1. Mind listing whichever residues of segment 12-24 are without any contact (Cβ under 8 Å) to a residue 60 or more places away in the chain and either over 21 Å from G78 (Cβ atoms) or in contact with an Asp or Glu (Cβ under 8 Å, 6 or more places away or on another chain) (or both)?
2. Go through segment 101-130 residue by residue and tally those that are within 27 Å of A148 (Cα to Cα) and either surrounded by 22 or more Cβ atoms within 10 Å (Cβ to Cβ) or touching a helix residue (DSSP H, G or I) at 6+ places or on another chain (Cβ under 7 Å) (or both).
3. Filter segment 145-154 for residues that are of a type outside the set (V, I, T) and outside any loop (DSSP other than H, G, I, E, B); which is nearest to V63 (Cα to Cα)?
4. Take H19 and tell me if it is more than 21 Å from N137 (Cβ to Cβ) and surrounded by 15 or more Cβ atoms within 10 Å (Cβ to Cβ).
5. Any chance you could count how many residues in segment 79-113 are within 16 Å of the ligand (Cβ to nearest atom) and not in a helix (DSSP H, G or I)?
6. If I ask for residues that are small (G, A, S), touching a Gly at 6+ places or on another chain (Cβ under 9 Å) and assigned to a helix (DSSP H, G or I), which ones from segment 114-144 would you list?
7. Just wondering, is there one or more residues in segment 134-143 that are among the acidic types (D, E), within 24 Å of L24 (Cα to Cα) and within 16 Å of the ligand (Cβ to nearest atom)?
8. Where in segment 1-78 are the strands (runs of 3 or more DSSP E), entirely inside, with at least 1 residues that are modelled with pLDDT of 95 or more and within 11 Å of the ligand (Cβ to nearest atom)?
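The values are calculated or read from the model by the stated rules, or taken from the named source; none is laboratory data. Owing to the predicted nature of the structure, the values given are computational and were not obtained by experimental measurement. Cβ placement follows ideal geometry from the backbone for every residue including glycine, while neighbour counts extend to all protein chains displayed.
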Amino acid sequence: MTTFASNPSEITLALCSDHAGYELKCRVIEYLGSKGYKVRDFGTHSVDSCDYPDFAHPAATAVERGECQAGIAMCGTGNGIAMTLNKHAGVRAALCWAPELAALARGHNNANILVMPARFIDPQVAIATVDAFLESNFEGGRHERRIAKIPVKQ
Ligand code: RB5
């Protein structure tokens with residue numbers, strides 16, 4: 001079964017953070033580059049205080065449009081940026097702070113954006129969490145029925 005990790009050079013990942021997630025985002029981008037992934041960095045681009053929706057919305061739109069196959073996002077707690085990303089109907093953003101959570105977010109929820117709490121996660125655990133997200137696949141079956149019920153009916 002193919003995962004995002006099966007063929008990194010064919011995968012473009014949308015990255016975004018606010019100031020609190022900036023340093024972790026830089027580490028993750030460096031790691032992803034070393035693994036051969038393509039990255040679109042939607043900002044922020046410094047530790048200057050900023051507002052996470054300004055970066056989350058463009059990243060979410062790129063995933064919704066299929067310009068990026070998945071995304072990785074972080075703010076201090078992960079909550080604000082996850083709330084913003086999940087306003088997009090085509091996004092399933094999952095807040096994860098351990099590899100096991102990321103694997104289940106892919107396996108059960110078909111999450112297409114991994115969110116991490118930059119102020120509450122060790123950088124090495126964050127990298128392991130990124131790996132788990134990229135190396136896991138959606139299990140389908142009963143989970144397909146459940147995620148189909150997530151969108152709000154118009
Ligand atoms: C920034 O101080 C902080 O509020 C933000 O990174 C995030 O945790 C919000 O949800």
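1. Selection gives T12, L15, H19.
2. 15
3. Restricting attention to segment 145-154, the residues satisfying the condition of being of a type outside the set (V, I, T) are 145-146, 148-149, 151, 153-154.
When the remaining residues are screened for being outside any loop (DSSP other than H, G, I, E, B), the result is 145-146, 148.
Numbers: R145: 22, R146: 21, A148: 18 Å.
Selected residue: A148.
4. yes
5. Within segment 79-113, residues that are within 16 Å of the ligand (Cβ to nearest atom) and not in a helix (DSSP H, G or I) number 8.
6. A118
7. no
8. On the way: elements: 12-17, 38-41, 70-75.
Passing ranges, in order: 12-17, 70-75.
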